[in-house]
Amino acid sequence: MCKKREDMRIILYILGSLILLGALCYAATLIGVPPVWVGVIGAVILGLGIMGAARTGSHKGSSGSDGPSTVINKVE
C-alpha cells in the first residue's frame, strides 16, 4: 500500500475516534454521568482509538503474512 494512503487511513481512524469520543462524552454529560466517569470513558475510548490506529498502520500488505500459515500437500 502506498505510504500516503496508509497515512490517510491512520488520520481518518484517529479523526473518527475523536468524533466518537466527543459525542459519547457529550451524551454522558447530558444524561448526568459524573465528570469522573466521563473522564474514564474518554480515556478508554482514546486509548482504543490509538491502539486501533497503530494496528491499522502496522499492516505490511495483504500477502497473508499476518499469521501462521498451513501448507497442505495432496498425496496421490
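The table below gives the values:
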quantity	calculated
FRET efficiency for K4 and L46, using Cβ-Cβ distance with R0 set to 30 Å, rounded to 0.05	0.75
Region 3-57 - percent relative contact order, Cα under 8 Å, separation 6 or more	57
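We did not get these values from a lab; they are worked out from the coordinates using the rules stated. Computed from a predicted model, the values in this text were never measured in an experiment. Cβ sites come from the backbone with ideal geometry, for glycine too, and all protein chains shown count toward neighbours.
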